[in-house]
Every structure is written in C-alpha cells, then in structure tokens.
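Undergrad: Sharing a structure, written as structure tokens. Questions coming.
Any read-out appearing in this document is the output of simple, stated calculations on the displayed coordinates, not a laboratory observation. This one's a predicted model, so the numbers in the text were calculated from it and none came from an experiment. With ideal geometry, Cβ positions are generated from the backbone for all residues, glycine too; neighbour counts draw on all protein chains shown.
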Amino acid sequence: MSVMEQDSAGAPARASLLNDPKARGIFYQLVLVVALVTLGYVIVTNTIANLERQNIASGWGFVGNTAGFGTNQSLVEYSETSSYGRALFVGFLNTLLVAGVGIFFATVIGFIIGIARLSNNWVINRLAYCYVELVRNIPLLLQIFFWYFAVLRSIPSKREKWSLFDTFHLNIGGLRLPKPIMGTGSEWVGYALLIGIAAAFLVARWARKRQEATGQPFPSFLTGLGLILMLPILTYFVMGMPISLEHPNFVETGPILRQGFELNVGLNVIPEFLALTAALAIYTASFIAEIVRAGIQAVSHGQTEAAHALGLRNGPTLRLVVIPQAMRVIIPPLTSQYLNLTKNSSLAVAIAYPDLVSMGGTVLNQTGQAIEIIGIWMVVYLSLSLITSAFMNWYNQRMALVER
Amino acid sequence: MANTDLFHIRTEEAPRLPAPISTTGVIGWMRQNLFSSIGNTVLTVIGILIAYSLIAPLIQFAFIDAVWTGENREACLPQEGGHSGACWAYVEAYFPQFIYGRYPTEEVWRVNVVYFLFAALLIPLAIPNAPFKKINAILFLVVFPIVAYYLLTGLVFGDVVILPIVETAVWGGLLVTLVIAVTGIVASLPLGIALALGRRSKMPIIKLVSIIFIEFWRGVPLITVLFMSSVVLPLFLPDGVTFDKLLRVLIGVTLFSAAYMAEVVRGGLQAIPKGQYEGAMALGLRFWPMMYLIILPQALKLVIPGIVNTFIGLFKDTTLVLIVGMFDLLGQIQSSFTDPTWSTPSTGHTGYLFAAVVFWTFCFGMSRYSIFMENKLHTGHKR
C-alpha cells in the first residue's frame, strides 16, 4: 500500500479515489464502526426489551439484599444474613486464596520437575518427562474430578483420621491444622515482621551499592534472613508469647454421632480446597516445568564456559550467570501460567468450592441478574489479567537486554 | 652383554583390546547414566521407588484386579478380602452412551458415517505425501461440515423426511466433544488470522477493535464465556429468535479460542523479516496476495507448535461445557455414576481412567503430530 503513496507523491495526476489506500482505509474503518455501532444498538434494544418482558429490573440494587445462603469457607465474616455483595466479596477472596496457594505449589513442583527434566540421571529424567506428558494432556476438569471424587473419597470417614506428627489430621471432612490464636500484643509481632522485611530490603540495597562502589561484598542475604526471622521472634518473647496454637480436638468416645472432630476447634481446610489446589498446582506445574527447562536451555553453554574461565565455581556460575539469564526467558511465560491458574480456578464451580464464579452462580440463580453477575466476573478477571500484563511489561522493560 | 635387551622397537601394531566391559553396553550405560556418583545412585533408587509405587498399583487396578465382563454391579463388587479393581464391564455397558450420548439407536449409523468421513478425510490430509491435497482440503473444510451438519441434525424438505430430526439435546459423549473441538478449531483459525492481521494493521480503528477483542477474550476464563453464551446471549436476540444451546456454546468457544489463535499467529507475523514484506510489495503484490502468497505461509509455518498447542487446549477445554449442562464425554461419564445398576466402589475410578485414556490419546497424538510437522517443515532457518 505504501508503494502507491509514493506514486501519488511523485506524480501530480492522482490515482482514482477508489484505488487510494488512504481513502480505502478510511472507508473500511467507517464500515467497521457502523457495523459495530449497529450491532451494539441491536443488542442493547433487544436486551432491554427482553429484560422488561421477563420482569427483571437491571441495576445494582440487588447487591444490598440478603443472600440467604451459607458457605463452608470464608476468610471474612459471612453468614446467611449477609448481603449478596458480601457473598461475592467472599467468593473473590476465596478465588485469591486458592490462586495464591496454587501458584506457590505449582511453582515449587514446576521448578523441581523442570530441573529434573535436565538431569543426567536417566530415571529421574524419564520420570519428569512422563509427569509432564501425562499431566498436561489430560483436561484439568477431569483432574479436579479425580482428586475430589476419587482420591478424597477414599480417605478415612468423619469418625476416623490419618495423622502426621499428631499435628496434621486428614479425613473426609478436610485437613485439620492447629490454629494460631492471636492474643493481645500479637500485632506487634506482625509489625516486627514488616520492619524486618523493610530493613532486610534496605540492607540489601546498601550492600549492593557498596559492592558496586568499593568491591567489598557483604553477606546481605544472611543478614536479611536474620532480620526477617529474629525481629518477630524477639518481639514474640518480649511481648510474653502472645500467640498460641489451638489444636483440633478429636472425640473418640461417647455416642457415635458425636465422634470425630469437634466443630470450630482448630483450622479446617475444606476438601474442595484441597482437591482444587492439588489439581491446579499439579496441572500448572507441568507447564511451568517445560518453561523452566526451556529457560535454562536457552542460556548458551558458552556463558557457563566463560564463567568457569573467569574462575567462578559451579555455585556462583549458576547463581550469577545462568539463573539471571534464564529468568529473563522464564518470567514472561511463567506469569501467563500464573494468570492461567487464576482463571482456571473458576473451575471450582464444578466441585462447589465457593469461589467468585461459584458464589456468583448461586447469586445469579437466586436473583436472575445475569448481566450484572457475568459483568462482575469479567471485570474482576479482566482487571487481574490487565494488572498482571502491566507488571509484565514493566518487568520486560527492566530486564530487556540493552543492545547497541 | 647384549645391547638388544635394552630397547625394543615394536614393528607391528599391538592387538586392539576391547573397551573395558564397565564402559560399554548396558553396564557402561548404567554406570554413566544411573550410578556415576553416590548422589546419582541415591536419585536412581528414589526414582525407581517412585515409579514403582505409582505404576504397580495402577497395573494392579487396571489389569490384574480388573473385571472384564459382567451384567451389573454384582460382578464388580470387591470379593471378600480382595481389592476392587477396574470395572471394565461398566465401561463396556456404557460404551455406546460414551460415544454417541443419547442419540437414538436406530439413527446411530449417521454418527458413524460422520466419524468415518472425518477420519477418511483427515488422515490423507495429515499425511504430507498423500496426493490430491487441494481437493482433500476443500472436501474437508467445505463439503464435510455441510454433510456432517445435515447427517447429524437431520434433513427435512417440507413434509418429506429424508433424515429424521435429532435434537442436539440428545447428543452427547465423544460426539459432542468432537463437534465442539473440531468446529472450534476450524472456525477459530481463520478468525484468529484475521484478528492478528487486524492487530498489526496500520488503520487505527481496526487495530484498536482487534486489540480490545483479543485482550477481552484472553482475560476472562472460559467458564464465564460459557455462562455468558448460555445465559446472556439469548437476551441479546430479538423475541422469538432462539438459538440452539450447542450452537451458542460453539460461538462462545470459537470466539474464545480465536483470541488465543490471534496471539499465536501474531507471534509468527512478527518473526517475518521486513524484507519479505518489502520484497512482496516490490513485486507489485497487493495486500491480500502478499499475505496469502508470501507472509502467511512463512508465518504459519513458524507457529505450528503454537497453533497445535491452542488446539490441544481447546480440546481439553471442551470438558467445561458440562458445567453449563451439556454432556460431553466427561459429562456423560460423570452422569453415568448416578446409575444404581453399576454403582460400585471402583466405578468412579474406572470412569475417570477411561476418560483420561481417551483425552490423553487425542492430546498426545496431536502434540506428536505437531513435532513431526515441525521437523518436516523446518526448511531453511535451521542451522
């Protein structure tokens, strides 16, 4: 098209308007705009007519109404008398929770498998390969069903349990953990932790600057770790040990219906959460493993050889030369896997884990406010993904190779 | 003293000794790859233990303890003291449902014809050396969908019933899975290419619309798209116009995967050097001939792995339709668990194992095929 533009610049006799790329471009775009506006107009008028016929008042009035349904997991106070808005908020927090925990485990498993995939040991290498090829070729929903309906149904019933170190107890009611009880003064431990993290960050920055200026190294990692760990521990003892653990109470005697774990004692992780997290983490880990493998393989062998030639040993070579360069390749696809995991957590609705989609679905069924609810879903997931991609762009710019 | 004893000159080559037995053959390979150091040996042992602890119970369940024939649940109930193995008799009894859903038994031949045509057209298309590629592609992409549509839904002229109508509500099992996956794949590729070209267009409005479209669909989970197509889409239509549920889901799935496809194709377009565009324009090609003859063949070739990955993702994602109340293969299996005739402790495990094997076979096959094609088409750029 630009060929024609040059023509018209040189020759005074302009080509016919029909063949002018600019005119054509404007025409095509006008057609598109008209088509989109017409489509939008038709959709809006139809929707308004349909909603009127079905007697659904569109708008956000329903958000304040009483929900009237309970949930088996909420991070904030929630009861059947709470509002629909509150119910959606609980769902949103549950989505964030399962996504966060899932991302953590997926990253750990994914890195282990990815490195195992590069192992010289044939058995380990093949095991990792089989894991990746098996897990990523089976639909996630099937894996969620497998964990929820097949695995978690074959563990002990409510009246029995499996215990590990007498601290973690598993039965069909979920995983029971000791629950930390925050006494008075425990908030200071939290503040100390924050201060520790800030101090560690500052120390690391100062150490890097000093090393760049003078060449003298400083053990900033150990210092930081010490600050982050020791400050809260010291505060904990200074404040007179305000945090205690409440162990779950397993009743083994008495009438059969009373046997099992006492309600509301200790921390209960519901089985839906366990199944969903396991499936999400294991499924996403298979993709992360491939990303990690590709990232490490992308660092050319010459880099390792050059580092060895400079006298670096294996440890510093990995830490200072290979990993920083591999991370540049790993992080962008890794973030999109994190995003996929978050979006995939919406499959929770299939096993009734109360996430945003699941809670929203219940609200939708009760109120019929389909457009509003689906709008909320899309806005929430869209903003999550836009925030992530904004972060990605920032990171990419920071990490991009600076060339000539 | 004889000087000759002090030195010795070898006049013929020494006999070649075989390499030490510890470095050749199976033993050498094992020494090198499995037991080269203490740490490596420990890893090997742990690896073998893990593999054994996973594979042995699976073989025990799927083959040794399995029940192969039976009329009802009695056959599959665990024997006294024994473990309950896979209940393949249940899969056998339900097999027609898993493949055809509740498609009327006397009309099942139509589905079989579609399956047969699909395979008969796809296999020669997939073999690089098979002849008549062009005719084959036209048959597969244009004729087959029309034929399949009328075969599956039915054909009626006024009062003359040639093929009785079969409502999509009774479709199910592998049929629904394949219909959604194949339609989604075939429809999303051209749409994705158009969107990718739009995103790289110099016309600002077309570019903006493409970007918004792509980022919107990529940003939301498929499940909300499916809810939207099954709950909200009917609201968009004028009164009296109703869409088939399967068609609504198909629209949602196609738009969703088109956005992913667009990003994959865009990656390929970006990798084409500017000289190719300039060369095409210097030859006097207009936009579409340039794209069709020069740019897209190269760009698509580069992104074959990405396209196939999108296909695999789409194929796996078809399972999500069970959440909006349709019965794909997984949905059909899941709903068969409620049947008391076959309710045994191992029915669920068997059903999931069957579903996993079917899905895995399709997905793994596709990924292997993509690797094969990638190597086949890797001309020029490889060093």
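Undergrad: In whole Hz, what ³J(HN,Hα) sequence does the stretch A:328-345 give by Karplus (6.51, -1.76, 1.60; θ = phi - 60°), x for Gly and Pro?
TA: 4, 7, 6, 4, x, x, 4, 4, 5, 5, 4, 5, 4, 4, 4, 5, 5, 5
Undergrad: How large is the charge dipole for chain A, taken about the Cα centre, if only the Cβ atoms of Lys, Arg (+1) and Asp, Glu (-1) carry charge, to the nearest 20 debye?
TA: Using only the charged Cβ atoms, the result is roughly 860 debye.
Undergrad: Run the numbers for B:Asp159 and B:Leu122: contour at 0.36 nm per residue of separation, minus the present Cα-Cα distance, in nm.
TA: 9.8 nm
Undergrad: I need the calculated FRET efficiency for the pair B:Leu54 and A:Thr66, taking r as the beta carbon distance and R₀ as 41 Å, to the nearest 0.05.
TA: 0.25
Undergrad: Can you give me the Cα centroid spacing of the stretch A:55-96 and the stretch B:225-279 in angstrom?
TA: 32
Undergrad: Sticking with this one: Using a 10 Å cut-off around each Cβ, can you sort B:Tyr149, A:Tyr148 from fewest to most neighbouring Cβ atoms?
TA: Lowest count first: B:Tyr149, A:Tyr148.
Undergrad: Once you place label points 7 Å from the Cα toward the Cβ at A:His247 and B:Glu106, how far apart are they in nm?
TA: 7.0
Undergrad: Continuing with the same structure: Compute the distribution of all C-alpha to C-alpha distances in the protein assembly as shown, in bins of 10 Å from 0, and list the percent of pairs in each, rounded to whole numbers.
TA: For the protein assembly as shown, the pair-distance distribution reads 2, 9, 17, 22, 21, 14, 8, 3, 2, 1, 0, 0, 0.
Undergrad: How long is the gain from B:Ser22 to B:Val142 if the chain were fully straight, where each residue apart is worth 0.36 nm and the alpha carbon distance is subtracted?
TA: 37.0 nm
Undergrad: Further question: Rounded to the nearest 0.05, what FRET efficiency do A:Leu194 and B:Arg31 have when you use their Cβ-Cβ distance and R0 = 60 Å?
TA: The computed FRET efficiency comes out at 0.65.
Undergrad: How many partner chain Cβ atoms sit within 10 Å of a residue's Cβ in peptide B:224-237, on average, as a whole number?
TA: The per-residue average across the peptide is 6.
Undergrad: Report relative contact order for the stretch A:285-351 in percent, whole number only (criteria: Cα-Cα under 8 Å, sequence separation at least 6).
TA: 42
Undergrad: Which value, in debye to the nearest 20, gives the size of the charge dipole of the protein assembly as shown about its Cα centre, when Lys and Arg are +1 and Asp and Glu are -1 at the Cβ?
TA: Here the protein assembly as shown has a charge dipole of around 2540 debye.
Undergrad: Restricting to DSSP loop positions (anything but H, G, I, E, B) with no more than 15 other Cβ atoms inside 10 Å of their own Cβ, which GluC sites (Glu not before Pro) remain in the stretch A:115-200?
TA: A:Glu160
Undergrad: List the cysteines in the protein assembly as shown whose Cβ has no other cysteine Cβ under 4.7 Å from it.
TA: A:Cys130, B:Cys363
Undergrad: Taking the Cα-to-Cβ direction at A:Met230 and at B:Lys274 and moving 7 Å from each Cα, how far apart do the two end points lie in nm?
TA: Calculated label separation equals 5.8 nm.
Undergrad: Specify the residue with the greatest mean-square fluctuation among A:Ala213, A:Ala278, A:Ala306, computed from a Gaussian network of chain A linking alpha-carbon atoms under 10 Å apart.
TA: Taking springs between Cα atoms under 10 Å, the residue moving most is A:Ala213.
Undergrad: What's the average, rounded to a whole number, of partner chain beta-carbon atoms within 10 Å of each residue's beta-carbon in B:316-324?
TA: Averaged over the peptide's residues, the number is 5.
Undergrad: Then there's this: Quick one: order B:Val142, A:Val357, B:Val45 by neighbouring beta-carbon count within 10 Å, fewest to most.
TA: Least crowded to most crowded, the residues run B:Val142, B:Val45, A:Val357.
Undergrad: Sorted from fewest to most neighbouring beta carbons within 10 Å, what does the list A:Ile181, B:Ile48, A:Ile371, A:Ile103 look like?
TA: Neighbour counts put them in this order, fewest first: A:Ile181, B:Ile48, A:Ile371, A:Ile103.
Undergrad: Pairs B:Lys274/B:Lys376; B:Lys133/B:Lys245; A:Lys343/B:Lys207: which are spaced more than 29 Å apart, C-alpha to C-alpha?
TA: From B:Lys274/B:Lys376; B:Lys133/B:Lys245; A:Lys343/B:Lys207, over 29 Å: B:Lys133/B:Lys245.
Undergrad: Which of the three applies to chain B, rounded, prolate or oblate, going by the alpha-carbon gyration tensor with a ≥ b ≥ c and a/c under 1.5 meaning rounded?
TA: It comes out oblate by the Cα gyration axes.
Undergrad: Right, next: Under 8 Å for C-alpha pairs, at least 6 residues apart: give me the relative contact order for the stretch B:171-328, rounded to a whole percent.
TA: 37
Undergrad: While we're on this one: For Cα pairs less than 8 Å apart in space and 6+ apart in sequence, what is the mean separation divided by the residue count of chain B, i.e. the relative contact order in percent?
TA: 18
Undergrad: Here is a follow-up. Once you average over the residues of A:112-119, how many Cβ atoms of partner chains fall within 10 Å of each Cβ?
TA: Averaged over the peptide's residues, the number is 1.
Undergrad: Cα axis of helix B:245-271 to longest principal axis of chain B: angle in degrees, 0 to 90, nearest 10?
TA: The angle comes out at about 40 degrees.
Undergrad: In Å, what Kirkwood hydrodynamic radius results for the stretch B:171-328 from the alpha-carbon pair distances?
TA: One over the average 1/r among Cα pairs gives 16.8 Å for the stretch B:171-328.
Undergrad: Using a cut-off of under 20 Å, list every residue of the stretch A:22-41 whose amide N is near the label point 7 Å from the Cα of B:Ala194 along the Cα-to-beta-carbon line.
TA: Counting only backbone N, you get A:24-41.
Undergrad: Which FRET efficiency value, to the nearest 0.05, is calculated for A:Glu77 and B:Phe63 with the Förster distance at 56 angstrom and r the Cβ-Cβ distance?
TA: The computed FRET efficiency comes out at 0.60.
Undergrad: Distance between the C-alpha centers of the stretch B:114-164 and the stretch B:36-68? Whole Å please.
TA: Cα centroid of the stretch B:114-164 versus Cα centroid of the stretch B:36-68: 45 Å apart.
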